[in-house]
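Undergrad: Before I ask anything, let me first share the structure, which is written out below as structure tokens.
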Amino acid sequence: MLLGKVAGTLVASRKEETLEGLKFLVLKTLDVDESETGSYVVAADAVGAGVGEIVMYATGSSARQTTYTKDRPCDAVVMAIVDTWEVGGDVKYTK
Amino acid sequence: MLLGKVAGTLVASRKEETLEGLKFLVLKTLDVDESETGSYVVAADAVGAGVGEIVMYATGSSARQTTYTKDRPCDAVVMAIVDTWEVGGDVKYTK
Amino acid sequence: MLLGKVAGTLVASRKEETLEGLKFLVLKTLDVDESETGSYVVAADAVGAGVGEIVMYATGSSARQTTYTKDRPCDAVVMAIVDTWEVGGDVKYTK
Amino acid sequence: MLLGKVAGTLVASRKEETLEGLKFLVLKTLDVDESETGSYVVAADAVGAGVGEIVMYATGSSARQTTYTKDRPCDAVVMAIVDTWEVGGDVKYTK
Amino acid sequence: MLLGKVAGTLVASRKEETLEGLKFLVLKTLDVDESETGSYVVAADAVGAGVGEIVMYATGSSARQTTYTKDRPCDAVVMAIVDTWEVGGDVKYTK
């Protein structure tokens with residue numbers, strides 16, 4: 001999994017019908033020091049994350065292993081809101 | 001998922017037979033500010049997107065989770081036409 | 001999917017037994033203007049492509065969705081020979 | 001598979017419910033000479049690895065082939081703690 | 001698939017139990033001219049390859065389509081030992 005910051009939302013009214021009801025978040029991907037990498041991904045939100053929160057997302061077929069995304073054409077899902085992580089004994093982020 | 005702009009179409013008459021009837025779109029991939037990244041992808045069109053439209057596409061096994069692409073050798077699908085997205089409170093794109 | 005030019009062939013007599021009979025093509029990957037990107041991929045040939053032809057290939061589990069590659073340890077397949085594509089109203093390639 | 005060094009841990013209390021009980025490790029990815037590449041990945045820990053250990057991790061659907069991660073939205077798993085590897089006859093790492 | 005040179009081996013005694021008995025090879029990835037790219041991958045060996053041999057490997061779920069790797073948390077497998085390949089009419093490698 002990788003880390004991302006919820007930067008915003010995306011709306012698409014015309015879409016594959018099984019996607020009806022999914023909320024799409026625009027994530028800016030983060031490196032391990034919480035700085036932005038310059039990349040982004042649009043992910044379905046399985047946990048009710050809000051703009052500004054730091055989240056963890058899964059991609060590929062693993063993104064379909066939630067009840068929310070199962071059997072849908074969705075390749076990225078926010079599956080956790082991060083409380084804290086540490087690297088080398090240093091806390092890099094706390095919510 | 002990532003964002004792309006429908007740049008054109010691709011025709012292939014000799015192909016794996018299960019692909020018969022699929023429409024292939026040439027997408028230029030976009031970054032979160034709607035500028036082109038220089039990359040492209042050819043994706044099956046599951047939503048009837050037109051040239052010039054901004055779309056969202058899924059890749060890998062997730063690209064086969066539409067009735068249109070199920071069980072076919074297709075690794076990218078346009079699964080939504082984007083209406084709008086915002087980042088940091090700023091609307092980055094509106095259809 | 002991405003585009004490639006069939007640059008040559010590869011022979012491997014000692015291999016996983018389910019691969020017996022597959023033809024392997026060396027593809028040089030192309031960008032959307034038909035120039036070579038410098039990358040390559042070795043793909044199974046599901047459509048009878050010849051050296052010099054421009055093809056479309058699928059990767060990952062989607063590469064196993066042909067009768068030719070089903071249930072085999074193969075992660076790239078040529079699934080179409082391209083006739084033509086256009087970008088921005090310009091024909092970029094015609095066979 | 002790729003090699004990584006366990007750099008730290010990550011805690012997420014609000015998450016997809018099937019993830020309850022998984023331990024998440026922050027891995028710094030290594031090249032073949034055991035130097036850090038600058039990239040990271042967050043992986044579920046299927047083997048009880050500790051901070052500072054060198055591990056091997058699998059990604060994608062393969063990350064769900066442990067009893068610990070089966071059917072969960074998890075795309076990276078630590079599946080082995082490395083004892084040693086050698087390249088060109090030189091031992092590059094020994095635990 | 002991509003090409004690699006078997007550079008060495010890796011030993012991991014503490015691992016997911018289904019991995020018991022697999023042999024892990026350290027591959028240096030090659031470009032189409034047989035020069036090293038600077039990247040590596042650790043792959044399970046399904047064909048009995050030796051150090052110094054040029055092999056072809058598959059990644060992702062395709063790496064689990066051998067009897068050796070089926071249902072295991074393994075995302076790369078050596079599935080063929082290469083005899084020869086040619087590009088543009090030139091033999092680039094012969095065993």
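No value in this document is a laboratory result; all are computed from the given coordinates. Model, not experiment: these values are computed from the prediction. Cβ placement follows ideal geometry from the backbone for every residue including glycine, while neighbour counts extend to all protein chains displayed.
Undergrad: May I ask you to report, in nm to one decimal and beginning with the shortest, the distances from A:Val11 to the same position in the other copies, taking label points 7 Å along Cα-to-Cβ?
TA: So the distances to the same position in the other copies read 3.8, 3.8, 6.2, 6.2 nm.
Undergrad: Suppose you put the label 7 Å out from Cα in the Cβ direction; list, shortest first and in nm with one decimal, how far E:Thr84 is from each other copy's label.
TA: Its label point is 3.9, 3.9, 6.4, 6.4 nm from the equivalent points in the other copies.
Undergrad: Also, I was wondering about something else. Can you list the equivalent-ellipsoid semi-axes of region E:12-60, largest first and in whole Å, using the square root of 5 times each Cα gyration tensor eigenvalue?
TA: Calculated on Cα positions only, the semi-axes equal 23, 11, 9 Å.
Undergrad: If you put a point 7 Å past Cα along the Cβ direction, how far is that point for A:Gly48 from the same point in each other copy, in nm, smallest first?
TA: Between copies, matching label points for A:Gly48 lie 3.6, 3.6, 5.9, 5.9 nm apart.
Undergrad: Might you report the magnitude of the Cβ-based charge dipole of region C:19-59 about its Cα centre, with Lys and Arg at +1 and Asp and Glu at -1, to the nearest 20 debye? List each step's numbers first, then the result.
TA: Working: 2 positive and 7 negative charges, 35 e Å.
That gives region C:19-59 a dipole magnitude of about 160 debye.
Undergrad: DSSP loop GluC sites (Glu not before Pro) in region C:23-74 with at most 14 other Cβ atoms within 10 Å of their Cβ, which ones? Please report the intermediate quantities before stating the final value.
TA: Values: sites: C:Glu34, C:Glu36, C:Glu53; in loops: C:Glu34, C:Glu53.
Here the sparse-neighbourhood loop sites are C:Glu34.
Undergrad: Once amide H atoms are built 1.01 Å from N in the peptide plane, which residues 5 or more positions from D:Lys23, or in another chain, come under 5 Å H to H?
TA: Counting only residues 5 or more places away or on other chains, the set is D:Asp45.
Undergrad: Step through the residues of region D:87-95 one at a time and calculate ³J(HN,Hα) from phi using the Karplus curve (6.51 cos²θ - 1.76 cosθ + 1.60, θ = phi - 60°), rounding each to whole Hz and writing x for Gly and Pro.
TA: 9, x, x, 9, 6, 8, 7, 9, 4
Undergrad: OK, next. Under 17 Å Cα to Cα from D:Lys15, which aspartates and glutamates show up? Leave out anything in the same chain fewer than 8 places away.
TA: Within reach: A:Asp45, A:Glu53, A:Asp83, D:Asp45, D:Asp71, D:Asp75.
Undergrad: Moving to a separate point now. Taking the Cα centre of region C:2-94 as origin, sum charge times position over the Cβ atoms of Lys and Arg (+1) and Asp and Glu (-1), and report the length of that vector in debye to the nearest 20.
TA: Working: 9 positive and 14 negative charges, 81 e Å.
The calculated dipole for region C:2-94 is roughly 380 debye.
Undergrad: Let me ask you something else. Which Cα, out of A:Thr67, A:Trp85, A:Gly52, lies furthest along the positive dipole direction of chain A (beta carbon charges, K/R +1, D/E -1)?
TA: A:Thr67
Undergrad: Here is a further query. Take the residue pairs D:Lys5/D:Lys95; B:Lys28/B:Lys92; A:Lys23/B:Lys95; B:Lys23/C:Lys5; B:Lys5/C:Lys70; A:Lys5/B:Lys70 and return only those whose Cα atoms are more than 23 Å apart. The partial results should precede the final answer.
TA: On the way: D:Lys5/D:Lys95 12 Å; B:Lys28/B:Lys92 17 Å; A:Lys23/B:Lys95 18 Å; B:Lys23/C:Lys5 21 Å; B:Lys5/C:Lys70 32 Å; A:Lys5/B:Lys70 32 Å.
Going by Cα-Cα distance, B:Lys5/C:Lys70; A:Lys5/B:Lys70 fall outside the 23 Å limit.
Undergrad: Please work out the Cα center distance from region E:1-61 to region A:60-80, rounded to the nearest Å.
TA: Centre-to-centre (Cα) distance: 30 Å.
Undergrad: Determine one quarter of the surface area of the Cα convex hull of region C:1-93, which equals its mean projected area, and express it in nm² to one decimal.
TA: Numbers: hull surface 24.3 nm².
About 6.1 nm², averaged over all directions.
Undergrad: Here's a follow-up. Give, rounded to the nearest 20 debye, the magnitude of the charge dipole that the protein assembly as shown has about its Cα centre when Lys and Arg contribute +1 at Cβ and Asp and Glu contribute -1 at Cβ.
TA: Values: 50 positive and 70 negative charges, 197 e Å.
Dipole magnitude for the protein assembly as shown comes out near 940 debye.
Undergrad: Averaging the inverse of every distinct alpha carbon separation and then flipping it gives the Kirkwood radius. What is it for the protein assembly as shown, in angstrom units?
TA: Values: mean 1/r = 0.0439 Å⁻¹.
This gives a value of 22.8 Å.
Undergrad: Show me, for region A:4-17, the HN-Hα J-couplings you get by feeding each phi into the Karplus relation (A = 6.51, B = -1.76, C = 1.60, θ = phi - 60°), rounded to Hz, glycine and proline as x.
TA: The phi angles translate into x, 10, 5, 9, x, 10, 10, 10, 9, 7, 9, 7, 3, 5 Hz.
Undergrad: Between the DSSP loop rule and a limit of at most 13 other Cβ atoms within 10 Å, which trypsin sites (Lys or Arg not before Pro) in region E:27-74 are left?
TA: Values: sites: E:Lys28, E:Arg64, E:Lys70; in loops: E:Lys70.
Within region E:27-74, the qualifying trypsin sites (Lys or Arg not before Pro) (loop, at most 13 other Cβ atoms within 10 Å) are E:Lys70.
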